[in-house]
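Laboratory data are not the source of any read-out in this text; all were calculated from the coordinates shown. Being a predicted model, the structure only gives us computed values, none of them experimental. Here the Cβ is made from the backbone with ideal geometry for all residues, glycine too, and neighbour counts use every protein chain on show.
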Amino acid sequence: MSHQISLGLFLILLSTHIGFHTKAATAQIPSKKTICTSQLSAAVDAVVNRPGFNRVRWGILVTNQDGNQTLYNRNGQKYFVPASNTKVLTTAAALQALGANFRIRTSVYQDGEGILRVVGRGDPSLKDAQLQSLAKQLRQRGIRQIKQLIADDSYFQGDGIHPSWMWEDVQYYYGAPVNSLILNENAAILRIFPQTVGQPLKVKWDELTEAYRWRVENNSVTLPKGERGFVEVTRDLKGPVLRINGQLGVDSRPDITAIAVFDPIEHFMRHFRLNLAKEGISVTRVFSAAGSKNERELAAVESPPLSELLVETNVNSNNLFAEALLRALASKSTQKNPKNTANVGLAVLKTTLNQLRVNPQSYQIVDGSGLSRKNLISPEALVQTLQGMAKSPQAKVFRASLPVAGVSGTLRNRMKGTPAEGIVRAKTGTLSGVVTLSGYVNPPQYSPVNFSIMVNQTGQPSRTIRKAVDEIVVLLTQLKRC
């Protein structure tokens, strides 16, 4: 899975050095400025059949916008592990079923004298600024003391982490748990600084109260000036224990890491309580419970519209947003009191994709983000989803949610300086041994094209595979009728 930091976290980290850099994957530009459709198969095969790819499994499907003409097909009906291309299905279904103006509401209700209940509905965009707004609204209502502050996290039922997700993923921000009361993407940011030579590296949390939540086992060291550094941060499986290993030169910039919080509800309520205190509102007791009728709403905030949530989901490949949107789909189900909201969302997703005329046998997915290797999707399913959305009244919104080659999101460093720059919108996907890319091309001398390129069992560095994938996409931008 791509470790792309989401927009919200990226803006936080932007103020200082980020401990990694993304190297641009530059596609080779074919010598010919244009290519006939009759020549496309040979040109794509020349890339796919290179000796270095003889053990690689390719799935490629290219069609015209309407889907009535196949321009290239290699294993297009076969299953592949899709990685974040899963988000194409999730976001298409969410947009179709919920609408571009759908918003997610977080509310504070009065359950009784001095008893308030905060009810989350899985807004993945909620930040401290929204908690501050809730606190200000309560003060304006005359609230100065809360005897009992109840956290109602019951809107989403079931596991916040899919059991098939790998532990190496779920300890970091991009594998954070999904629940009803999400705050700051359920992630905490820490910065690791060098000290004097021979001393352990210094750990500093962006949110100071996090320091009291974690026990840090620090096995790092500060090295002399000019020494090469590395830092590894891991989280314990069973408790809030953080392990720091590695080294930094005394002149090194800090290493920055975002990890998944250990207890999302506690994390939310701790921050809410701090914001209440800033407004002069005291809280005697905090606990979790569900089951109120929520009759009198005292304060509320809403997420941005779904059209904006989709941009964060696809452009920055935000896993938490995708999982929250999958669960939001359950609101369209008639099923009462589901035990697993994600499964209900998956059922709505399948029904919605059926309406888009996506073959129900062409995919099998278990989550909304693509973190699970149990997801199986064919190029056919992705291209049919793209075709369905291109014909939808929501076509413009959906297309705008995809990264642009050489310009934005997970494609901003790819295909720069090629004919694909600025005219390809596509969703990326990366796991170990998996590289995928699916989207739209508007060739200057040909009609619009839908494509899906899925590569599994690569045995090659991801950058090598991405470069080859990008070469194929550049070919698509140079199509002409002849």
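A few comments on the model shown:
- Solution diffusion estimate, µm²/s, Stokes-Einstein, segment 169-260, Kirkwood Rh from C-alpha pairs, 25 °C, viscosity 0.890 mPa s: 178
- Within straight-line cross-link reach of Lys278, lysines at Cα separation under 18 Å, skipping those fewer than 8 residues along the same chain: Lys127, Lys136, Lys147
- Segment 54-166, dipole about Cα centre (Lys/Arg Cβ +1, Asp/Glu Cβ -1), debye to the nearest 20: 280
- Distance histogram for segment 346-442 (every C-alpha pair counted, 10 angstrom bins, percent rounded to whole numbers): 15, 43, 35, 8, 0
- Net charge of Cβ neighbours under 11 Å - reference Arg103; Lys, Arg +1; Asp, Glu -1: -1
- Estimated FRET transfer efficiency (Ser408, Asn101; beta-carbon r; R0 25 Å; 0.05): 0.65
- Förster-model FRET efficiency, 51 Å R0, Thr351 and Gln145, C-beta, rounded to 0.05: 0.60
- Pairwise Cα distances in segment 112-181 exceed 20 Å in 46 percent of cases.
- Lys/Arg +1, Asp/Glu -1 at C-beta; segment 354-482 dipole; positive extreme among Gln387, Thr418, Thr436: Thr418
- One quarter of the convex hull surface built on the alpha carbon atoms of the chain amounts to 24.3 nm², the projected area averaged over directions.
- Sequence ranges 84-92, 361-369, ranked by mean other-Cβ count within 10 angstrom, highest first: 84-92, 361-369
- Segment 347-380 residues near the modelled Lys391 label - backbone nitrogen below 14 Å, point 7 Å along Cα→Cβ: 353-359
- Estimated FRET transfer efficiency when R0 is 56 angstrom, pair Arg481-Gln364 (beta carbons, to 0.05): 0.90
- Counting only aspartates and glutamates at least 8 places from Lys33 when in the same chain, those with an alpha carbon closer than 20 Å to its own are Asp45, Glu421, Asp470, Glu471.
- Radius 9 Å from Cβ of Pro240, net charge of other residues (Lys, Arg +1; Asp, Glu -1): +1
- Across the alpha-carbon atoms of segment 106-264, the computed radius of gyration and Dmax are 19.4, 63 angstrom.
- About the centre of its Cα atoms, segment 169-260 shows a dipole size close to 220 debye [charges on the beta carbon of Lys, Arg (+1) and Asp, Glu (-1) only; nearest 20 debye].
- A dipole drawn for the chain from +1 and -1 charges on Cβ atoms has a positive end, and of Tyr109, Ser372, Ser154 the residue lying farthest that way is Ser372.
- Fully extended contour minus Cα-Cα distance, from Arg55 to Lys336, at 0.36 nm per residue: 96.3 nm
- Viscosity 0.692 mPa s, 37 °C: Kirkwood-radius Stokes-Einstein D of segment 424-482 over Cα pairs, µm²/s: 273
- Each residue of segment 182-193 is assigned a 3J(HN,Hα), and the resulting list reads 9, 9, 6, 6, 6, 10, 10, 9, 10, 10, 10, 10 Hz, derived from the Karplus form 6.51 cos²θ - 1.76 cosθ + 1.60 (θ = phi - 60°), x at Gly and Pro.
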